[in-house]
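Inspection log for the structure reproduced underneath, given as structure tokens.
Quick note: the coordinates plus some simple rules give every number you see, no bench work behind them. Just so we're clear, the structure is a prediction, and the values are computed from it rather than from any experiment. Cβ placement follows ideal geometry from the backbone for every residue including glycine, while neighbour counts extend to all protein chains displayed.
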Amino acid sequence: MRWRTASGKSLKIPVSVLVVIHTPDGQILLLERADRPGFWQSVTGSLDAPDEPPALAAAREVFEETGLRVGEGIEVAAEFAAGEPALSGHDSVPEAASPVKTTATPAASGVATGGHLLLQDLHIQNRYEIFAHWRHRYGPGVTHNTEHVFALPVPAPCAVRLAPREHLAFAWLPWAEAAARCFSPSNAEAIRLLAGRLGWCGRAVPADDPAPDAGPVPCCSTPGVRPVSGCSVPGDDPATPADPAPRRP
Ligand SMILES: Nc1nc2c(c(=O)[nH]1)N=C([C@H](O)[C@H](O)COP(=O)(O)OP(=O)(O)OP(=O)(O)O)CN2
């Protein structure tokens, strides 16, 4: 979102949220940016106003970008659970998405209802250098952005309602594939962190007290599950997306 200055110029506030939407078994929802096709990411967005609480911004961005409402249950259509798109229109389920498993129980109508969606504040703040190609959207001299990280567990992969001006497609991917596909280093790191915490790597790791000499969690880049502080930026402007874009209709 943009913040309008007194002069009427619309500028982004350099404080944003990142919301990793995931299933219990490590499927991650990724969205393909409309302004950069082939660039995939979790839900992101800047604060609407300097005093907007990050948790509210996270819930707002989730709704704007996916149609999912934090605090409400979701419906997983039986057809989608079987691997077919549940919604018509611009939404798509790219072939790259893994076979869908659902823990929800189909009701007589063919629609299964999940539990309430609860946002989880991971209490992680990443401070990253803003890519050169996006710096013009911020005020003069602004070079860094602070990103607050949240997770949103959902019971099963579901079709989402995209905001066509912001995104072209969505995909549910296994966590390792999703992390590899994200263009944003801090997004990939958050997914790997969740994989360590939730045991998708093969073993669960306690969040608060990883053994100091335990070494890295297999298949996670983050040793233990210590919060990321100050995400490193390997390159300023990624010339190409992490992976070729999944197929779209
Ligand atoms: N090292 C960097 N990592 C990341 C950067 C970056 O500039 N450097 N940027 C992002 C953001 O995903 C990207 O800037 C988009 O941010 P977002 O706030 O979602 O902006 P949008 O234009 O999509 O939208 P609003 O919803 O209007 O805020 C990630 N990592």
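Brief remarks follow.
- Using 0.36 nm per residue and subtracting the Cα-Cα separation, the extra length available between Arg161 and His133 on full extension is 7.3 nm.
- Per-residue HN-Hα couplings for the stretch 137-152 [Karplus 6.51, -1.76, 1.60; θ = phi - 60°; Hz; x = Gly/Pro]: 7, 10, x, x, x, 7, 10, 10, 10, 9, 10, 8, 9, 10, 10, 9
- Computed extension gain for His116 through Phe63, at 0.36 nm per residue and net of the alpha carbon distance, reaches 17.7 nm.
- Lys12 long-range amide H proximity, modeled H, under 5 Å: Trp3, Tyr138, Gly139
- One decimal place: the segment Val15-His144 gains 45.5 nm when fully extended, by the rule 0.36 nm per residue minus the C-alpha distance.
- Converting phi to 3J(HN,Hα) with the Karplus coefficients 6.51, -1.76 and 1.60 and the offset θ = phi - 60°, the stretch 160-166 yields 10, 9, 6, 8, x, 6, 9 Hz in sequence order, with x at every glycine or proline.
- By average C-beta atoms within 10 angstrom, highest first, the peptides 171-182, 119-130: 171-182, 119-130
- Under 5 Å between amide hydrogens, built in the peptide plane, is the criterion, and for Ile124 it picks out Val149 among residues at least 5 positions away or on other chains.
- Long-range amide H partners of Val154 with built H, under 5 Å: His22, Thr23
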